[in-house]
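The values are calculated or read from the model by the stated rules, or taken from the named source; none is laboratory data. Fair warning: this is a prediction, and the values are worked out from it, not measured in the lab. Cβ placement follows ideal geometry from the backbone for every residue including glycine, while neighbour counts extend to all protein chains displayed.
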């Protein structure tokens, strides 16, 4: 009996340790492939552990198994991404704005630090997952998960990012861009692929800016920030195609 209680205490202690560890990994700003794998594995232990430690409490155990099963079933259901994306576009812009003022951290992808390419991806990741659950469309949730797993650079996003983006136009500077050609949610990538920004509409851009060292909005004309006087190519997320 004592041995059984001891093993259960160890299990509960281990499970209790995995919860803060998962939160640390989830909110740690700099994310790479190893961090993602560790987050997934620890998250699995959190889920499995919640069932194990409540195994003797049948109603709780059945409730957790049902919830986890329904989520897994939902994610596996066949579905397609709808062609009309105005709600997703609006959610994307709101997600981008929610990071306003967050510090610039090279390689960062979260509220405690984010870089330019991580910023435009993270916003769409958040919006896709939120819109997917709100509209009961697992394809959108899977799209958000894909974005989470496939880290990339501003240069690759500007070059198509596995058909996730496509070109719209190019310009000698964002101050001289014909704004009738673009739509909110479009992205501006420097010719050398070192920086990327997102368009909010009404001649306003937002970026995790290494010069400002935070996520900042810029209104055209912008004379001080060097990125607004450099050649840019404009690309659009394929999922936001009108």
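Worth pointing out:
- Residue list for segment 191-203, restricted to those being under 16 Å from residue 97 (Cα atoms), surrounded by 15 or more Cβ atoms within 10 Å (Cβ to Cβ) and without any contact (Cβ under 8 Å) to a residue 60 or more places away in the chain: 199, 203
- Segment 32-57, residues that are surrounded by 13 or more Cβ atoms within 10 Å (Cβ to Cβ) and touching a residue at least 24 places away in the same chain (Cβ under 8 Å): 36, 42, 45, 46, 49, 50, 52, 53
- Matching residues, segment 159-183, being within 18 Å of the chain's Cα centre (by Cα) and under 24 Å from residue 98 (Cβ atoms): 161, 164, 165
- Matching entry among 101, 158, 107 (being touching a residue at least 40 places away in the same chain (Cβ under 8 Å), crowded, with 21+ Cβ neighbours inside 10 Å, touching a strand residue (DSSP E or B) at 6+ places or on another chain (Cβ under 7 Å) and under 30 Å from residue 230 (Cβ atoms)): 158
- Test: residue in segment 16-28 that is modelled with pLDDT under 90, surrounded by 10 or more Cβ atoms within 10 Å (Cβ to Cβ) and in a loop (DSSP other than H, G, I, E, B): yes
- Checking the stated criteria, residue 11 turns out not to satisfy the condition of being in a helix (DSSP H, G or I), in contact (Cβ under 8 Å) with a residue 12 or more places away in the chain and within 17 Å of the chain's Cα centre (by Cα).
- Checklist (1) touching a residue at least 24 places away in the same chain (Cβ under 8 Å); (2) in a helix (DSSP H, G or I); (3) under 30 Å from residue 211 (Cα atoms) applied to residue 75, failing item: (3)
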